[in-house]
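The values are calculated or read from the model by the stated rules, or taken from the named source; none is laboratory data. Because the structure is a prediction, the values reported are computed rather than measured. Counting neighbours? That spans all protein chains shown, and the Cβs are built from the backbone with ideal geometry, glycine included. Just the protein is used for accessible areas: all its heavy atoms, side chains included, with ligands, DNA and RNA removed. Shrake-Rupley method; radii C 1.70, N 1.55, O 1.52, S 1.80 Å.
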Amino acid sequence: MPMTRRPRVEPSDDWGQLSALSRFPEQRAYELLRPPPAVAGTRLFGSPVPERSRQTGTPERTLYRQAALFDERGMSSLFAPPKVEKHKALPERIRKAIVDLKAEHPGFRPNEIADICAVRFDRRPSPHTVRRILAENPQPVGGKRRFPPYHEIADPAVARLAIVRLHSEGWAV
């Protein structure tokens, strides 16, 4: 398949055209600071800051700040900083318990698992967090049940004790 070339565009100092042709935010930020070739060598990479501010519609303080960052860090200042996850990391023991609970009883919904964690660890993760943890971690195959199903327990007292224990751990009906 033949390669298609981008259409050739004549060089311009018109901010409206430059802004429209910039595909990426980093490219737009660079064009904001780039010197127009005709007047290179004056204040802000070619034109005085107030004039460049009027041309681009960008506040002067922003241009001064971006120019200082560019001088300090170079091209890396044009790229957004990496996203920092806002959530507190869930302790590994709670993460493991979430995966184990889902393996023990696949029918659990995320809010039920969160309720059990609230009782067991005194910390209730969001159901969204539970969903994310279950998606990130492979589920163990053939989860082991602590108690056999209720109808398979011969002694009614033992069956009732199993129900009470599970309920005290946060399991719902």
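Being open to solvent by less than 100 Å² (accessible area, probe 1.4 Å) and at pLDDT below 90 is true for just one of I113, I153, I133. Which residue is that? Give the derivation first.
Values: I113 fails: at pLDDT below 90; I133 fails: at pLDDT below 90.
The conditions single out I153.
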Checklist entry - Where residues in region 64-82 are of a type outside the set (A, V, I, L, M, F, W, C) and open to solvent by less than 80 Å² (accessible area, probe 1.4 Å), which of them is nearest to G16 (Cα to Cα)? => result Q66
Next on the checklist: Could you tell me how many of the residues in region 88-110 are over 19 Å from A172 (Cα atoms) and open to solvent by 90 Å² or more (accessible area, probe 1.4 Å)?
Outcome noted: 4
Checklist outcome for this item: With the first residue restricted to region 91-110 and required to be under 14 Å from R145 (Cα atoms), and the second required to be small (G, A, S) and in a loop (DSSP other than H, G, I, E, B), Cβ contacts under 7 Å at 6 or more apart or on different chains are A103/G143; E104/G143
Item to check | Unique residue being among the basic types (K, R), assigned to a helix (DSSP H, G or I) and either touching a Lys or Arg at 6+ places or on another chain (Cβ under 9 Å) or surrounded by 11 or more Cβ atoms within 10 Å (Cβ to Cβ) (or both) when the list is R61, R54 | outcome: R54
Checklist entry - What are the pairs, 6+ residues apart or on separate chains, where a residue within region 10-31 that is assigned to a loop (DSSP other than H, G, I, E, B) has its Cβ under 7 Å from a residue that is small (G, A, S) and open to solvent by 100 Å² or more (accessible area, probe 1.4 Å)? => result none
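Which count do you get for residues in region 156-173 that are open to solvent by 50 Å² or more (accessible area, probe 1.4 Å), hydrophobic (A, V, I, L, M, F, W, C) and more than 16 Å from H105 (Cα to Cα)? Steps first, answer last, please.
Taking region 156-173 first, the residues open to solvent by 50 Å² or more (accessible area, probe 1.4 Å) are 156-158, 160-161, 163-165, 167-168, 172-173.
Narrowing the set further to residues that are hydrophobic (A, V, I, L, M, F, W, C) leaves 157-158, 161, 163-164, 172-173.
Next, from what is left, pick out any that are more than 16 Å from H105 (Cα to Cα): 157-158, 161, 164.
Residues that pass the stated criteria total 4.
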